[in-house]
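One structure is given here, and the rest of the page talks about it.
The numbers here are math on the coordinates, done by the rules we state, and not lab data. In this text, all values refer to a predicted model and were calculated from it rather than measured experimentally. Heads up, the Cβs are rebuilt from the backbone with ideal geometry, glycines too, and the neighbour counts pull from every protein chain shown.
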Amino acid sequence: MSYREYVIAAYAVFAVMLAWDYLAPRFAIARQLRAARRLAARRAARPDTPDRSTELGR
Amino acid sequence: MSDMNPVIRWFHQLGSPPYFDRFAARWAPWGYGVGAVVMAWGVYGALFQVPADYQQGDSFRILYIHVPAAWMSLLVFALMALYSAIALIWRIKLCEILAMACAPIGAAFTAVTLATGSIWGKPMWGTWWDWDPRLTSQLVLLFLYLGVIGLYHAIDDRRTAARAAGLLALVGVVMLPVIRYSVVWWNSLHQGQTIRVFGESSMDPSMLPPLVWMLVGTKLWFAGSLLARARADNLQREAGKDWVRRMAGAGT
């Protein structure tokens, strides 16, 4: 194959772009779902009936 | 609501963030998967089936990624502007999300267009870069994409940010005919139009099939990527809502 290095370089650029385009949204979705689970865990750890009278009484 | 046309009803449903999340989670892998298979077939044809060009040798095989990427760079920008216009006129949140999800994908295709064109240009033109009208206008398109992305992330409020960035996308549409006709309007080092959707292409028919596969494959891949990126943005905007917590807790 003539100009082999150039052809390989061009297709490699394309492959890298596709890999990034596939992985970036996957990581972003995983990050959002992790944050949602952390928030759910924080809310679950709170006491069920907060003492609102104390808060209002300040 | 029960008398509504099913297609219109489906569009209304799609505007609901939980419904869109389920839709995108279901169909994004299909876009990626089918797009990857179609492109793999196109790349196989481009590298191993079509004969080498009698003048350019094997370097012409670069066009099988350069041309689809270039078409995508223009198509994605036009789609981003269309979504932005709908979002600005009718304040549809999903269209804001879709418009902003277009930007990084379009920027990536534009970068690939410039990089592969440069790699092809070195052996054929004897230079990596020339301030040629087609190359320069394509570079300006990349800057416009980066401007849209930057503006969207520079403003804290997501809706205000999407409106501002969407306006830039609409203004940027002026670049599309400039890029398209740059090889006609000015003396250009870049070759003129060789592939036509309507009318006869000046490319030999034996060289066309892999290009068609690549053109179809990149569009399917884009659909998958658009849904995945829009889903991520939708989840970020809806962070803290009950449906997101329920869905995250379900082990998705």
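Give me the percent of Cα-Cα pairs in segment B:78-117 that sit more than 17 Å apart, rounded to a whole number. Result: 36 percent of Cα pairs exceed 17 Å.
By the scheme Lys and Arg +1, Asp and Glu -1, what is the net charge of all other residues having a beta-carbon under 11 Å from that of B:W243?
Once all neighbours under 11 Å are counted, the net charge is +1.
The angle between the Cα long axis of helix B:63-90 and the longest principal axis of the Cα atoms of chain B comes to about 30 degrees, rounded to the nearest 10. Each of B:I8, A:I8 was scored by other Cβ atoms within 10 Å of its Cβ. Arranged with the fewest first, they read B:I8, A:I8. Normalised Debye scattering of segment B:187-247 at q = 0.17, 0.20 Å⁻¹ gives log10 I(q)/I(0) of -0.75, -0.88, counting only Cα atoms as equal scatterers and leaving out solvent.
Among the trypsin sites (Lys or Arg not before Pro) in segment B:139-234, those located in a DSSP loop and surrounded by at most 10 other Cβ atoms within 10 Å of their own Cβ are B:R196.
Helix B:208-237 and the longest principal axis of the Cα set of chain B meet at an angle near 30°. Kirkwood analysis of the Cα pair distances in segment B:119-186 returns a hydrodynamic radius of 13.7 Å.
Solvent-free Debye calculation, one equal scatterer per alpha-carbon of the protein assembly as shown: log10 I(q)/I(0) at 0.14 Å⁻¹ equals -1.11. Answer rounded, prolate or oblate for chain B, using the Cα gyration tensor with square roots of eigenvalues a ≥ b ≥ c: rounded when a/c is under 1.5, else prolate when a/b is larger than b/c, else oblate. Verdict is prolate for chain B.
Peptide B:56-66 has a mean of 5 when you count, residue by residue, the C-beta atoms of other protein chains within 10 Å of its C-beta. Per-residue shielding of B:225-238, expressed as the average number of other chain Cβ atoms within 10 Å of the residue Cβ, stands at 4. Normalised by residue number, the volume inside the convex hull of the Cα atoms of segment B:28-100 is 88 Å³ per residue. Once you have a ≥ b ≥ c as the square roots of the Cα gyration tensor eigenvalues for segment B:26-149, tell me rounded if a/c is under 1.5, and otherwise prolate or oblate according to whether a/b is larger than b/c. Because a/c hits 1.5 or more and a/b fails to exceed b/c, segment B:26-149 counts as oblate. Taking each DSSP H run with n ≥ 4 as -39500 (n - 2.57) and averaging over every residue of chain B yields -25000 deg cm²/dmol at 222 nm. The length gained by stretching the chain between B:K93 and B:W185 to full extension, at 0.36 nm per residue less their Cα-Cα distance, is 29.2 nm.
Hey, how much of the P(r) for segment A:4-44 falls beyond 17 Å, as a percent of Cα pairs? It works out to 54 percent of all Cα pairs.
Sorting B:48-56, B:109-117 by their mean Cβ neighbour count within 10 Å, with the most densely packed peptide first, gives B:109-117, B:48-56.
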